Amino acid sequence: MTMLDLAHPRDLLMIGAIFGLAAFIWSGWAQEAPPKSVIFRIVLAALALAGLALAVPNILTAIGHWSESSAFTTGTTAFTLYLIVFWAEVIIGAVACFFAVRAGQAEIIAPLILAVVGIHFFALALVFGQPILHVAGLLQTLLAVLAFVLPRETAAPSFWCGILGAPVFLAIGLWCLIAGRSALAA
């Protein structure tokens, strides 16, 4: 089984762009409470800049090829499943965050949200027919669990989510960018 389906290059470009944006966002959230050493802030800034460098050209290229086909079509079973999963995750994420804050555990919000994001990719993999999104979902969900259990006296869980999750978003996003551009050129 191949990890990328080249039938819809525009989708691959958008995945690359969204993953670049996700790397930027998670790197920013990780700045909440990193370890004391300035090197961590530099690494997070570099990850954020790499995320923007991945997102912006992919968005522009995808817009330039918007008339190309997409697997993201309304009315399909996969699309309906995606909508159900999306709204269930929004509700579950909001309720979980509410109870985390009420319980005085606001620091666990980042791993909760990263887990929701990871789980979300499993539904997206079905909608887009892109097995690489299963890999992204598995990795981000595992990293969310890891961020939850890593030492909080070293850094906040949001730091662990960003420093671990952003490189995964960048690597998969770059892979999708390269494949999408190659498919468009062919």
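The values are calculated or read from the model by the stated rules, or taken from the named source; none is laboratory data. On a predicted model such as this, the values are computed, not experimentally measured, just so you know. When we count neighbours, we look across all protein chains shown, and the Cβ atoms used for this are built from the backbone with ideal geometry, even at glycine. Remember, those area values only see protein heavy atoms, side chains included, never the ligands or the DNA or RNA. Shrake-Rupley method; radii C 1.70, N 1.55, O 1.52, S 1.80 Å.
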- Message: Which count do you get for residues in region 126-142 that are open to solvent by 30 Å² or more (accessible area, probe 1.4 Å) and either among the hydrophobic types (A, V, I, L, M, F, W, C) or modelled with pLDDT under 95 (or both)?
- Response: 7
- Item | Residue list for region 157-186, filter: open to solvent by 10 Å² or more (accessible area, probe 1.4 Å) and of a type in the set (Phe, Trp, Tyr) | Trp160, Trp175
- Query: Considering only residues of region 65-102 that are aromatic (Phe, Trp, Tyr) and open to solvent by 70 Å² or more (accessible area, probe 1.4 Å), which is nearest to Gln130 (Cα to Cα)?
  - Reply: Phe72
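In this structure, is Phe19 within 14 Å of Leu174 (Cβ to Cβ) and aromatic (Phe, Trp, Tyr)?
Numbers: within 14 Å of Leu174 (Cβ to Cβ): yes; aromatic (Phe, Trp, Tyr): yes.
Yes.
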- The condition from (1) among the polar types (S, T, N, Q); (2) in contact with a Gly (Cβ under 7 Å, 6 or more places away or on another chain); (3) more than 26 Å from Leu4 (Cβ to Cβ) that Gln31 misses is numbered (2)
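Tell me which residues, restricted to region 50-64, are more than 17 Å from the chain's Cα centre (by Cα) and buried (at least 16 other Cβ atoms within 10 Å of the Cβ). Steps first, answer last, please.
First pass over region 50-64, keeping only residues more than 17 Å from the chain's Cα centre (by Cα): 57, 60-64.
Of everything in region 50-64, those that are more than 17 Å from the chain's Cα centre (by Cα) and buried (at least 16 other Cβ atoms within 10 Å of the Cβ) turn out to be Pro57, Thr61, Ala62.
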- Query: Could you count how many residues in region 60-95 are under 12 Å from His8 (Cα atoms) and either touching a residue at least 24 places away in the same chain (Cβ under 8 Å) or of a type in the set (A, V, I, L, M) (or both)?
  - Reply: 8
- Message: Can you pull out every residue in region 26-49 that is part of a helix (DSSP H, G or I), small (Gly, Ala, Ser) and more than 21 Å from Ile113 (Cβ to Cβ)?
- Response: Ala45, Ala46
- Does at least one position in region 7-14 carry a residue that is surrounded by fewer than 17 Cβ atoms within 10 Å (Cβ to Cβ) and not in a helix (DSSP H, G or I)? yes
